[in-house]
Amino acid sequence: MKNSVSRVISILLPIVLVAVLGSIFVNLGMDWFDSLEKPSQWIPNVIIPIVWSVIYITFAVILIRWQSEEDIPVAIRVLLIINGVLNVVWCLVFFTLKLTFIGNIVIILNLIFAIALWINIFSQKKVYAYILSIYPIWLSIATTLNTAIWILN
């Protein structure tokens with residue numbers, strides 16, 4: 001029992017850490033962000049945290065389930081860490097430091113690593129990959145919007 005609790009915590013803690021740090025960095029730059037010119041196809045701001053919450057919860061549920069079946073492969077663990085770090089770095093660079101061009105580079109890297117993560121998960125657990133498709137799809141949308149903000153501002 002104790003081992004399973006520690007496994008759940010080892011999965012949840014990094015996810016919560018990424019979500020909390022990302023939220024802090026985003027909130028620090030929201031006044032600046034609200035003043036930016038955005039494309040006409042902009043997603044309503046209320047949708048963005050909902051989608052990220054769904055993504056984080058989906059990852060948590062799938063990774064906990066996967067870990068209960070067998071160990072998550074090292075390559076997938078490494079890609080999860082890279083994605084989490086890039087997600088936090090993007091929030092810091094784009095929102096807190098207000099560096100839209102560098103933010104664009106970071107989010108493109110994040111998208112590349114998200115696709116690599118998805119491919120690795122697909123090779124191991126197709127059902128999980130289909131469920132987690134929301135992550136690279138959302139990052140594709142976010143990358144497009146990030147690029148539009150960089151161009152418009």
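Laboratory data are not the source of any read-out in this text; all were calculated from the coordinates shown. This one's a predicted model, so the numbers in the text were calculated from it and none came from an experiment. Neighbour counts are summed over all protein chains in view; Cβ atoms, including those assigned to glycine, are modelled from backbone coordinates with ideal geometry.
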Exercise. In degrees from 0 to 90, rounded to the nearest 10, what is the angle of the helix 100-124 Cα long axis to the longest principal axis of the chain?
Worked result: 20 degrees
Problem set entry | Label point distance in nm, PHE101-SER123, each placed 7 Å from Cα along Cα→Cβ | 3.6 nm
Exercise. Once the Cα atoms of helix 134-152 and of the chain are each reduced to a long axis, what angle between those two axes, in degrees from 0 to 90 to the nearest 10, is obtained?
Worked result: 20 degrees
Seminar exercise, completed: The extension gain from ILE50 to ASN153, computed as 0.36 nm times the residue separation minus the Cα-Cα distance, is 34.5 nm
Problem set entry | Karplus (6.51, -1.76, 1.60) ³J(HN,Hα), θ = phi - 60°, over the stretch 53-63, in Hz, Gly and Pro reported as x | 4, 4, 4, 4, 5, 4, 4, 4, 4, 5, 5
Seminar exercise, completed: When the charge dipole of the stretch 33-120 is computed with +1 at the Cβ of Lys and Arg and -1 at the Cβ of Asp and Glu, the Cα pointing farthest to the positive end, of VAL74, ALA114, PRO49, is that of PRO49
Exercise. At what distance in nm do the modelled label points of SER133 and ILE64 sit from each other, each positioned 7 Å from its Cα along Cα→Cβ?
Worked result: 2.5 nm
Exercise. How much mean residue ellipticity at 222 nm does the chain get from its helices, if each DSSP H run of length 4 or more adds -39500 (n - 2.57) and you divide by all residues, to the nearest 500 deg cm²/dmol?
Worked result: -27000 deg cm²/dmol
Exercise. How far apart, in nm, are the 7 Å Cα→Cβ label points at ILE81 and LEU28?
Worked result: 2.4 nm
Seminar exercise, completed: Among (i) 12, 44, 33, 10, 1; (ii) 11, 37, 25, 15, 9, 3, 1, 0; (iii) 11, 40, 32, 14, 3, 0, the value of P(r) over Cα pairs in 10 Å bins from 0, in percent computed for this structure carries the label (iii)
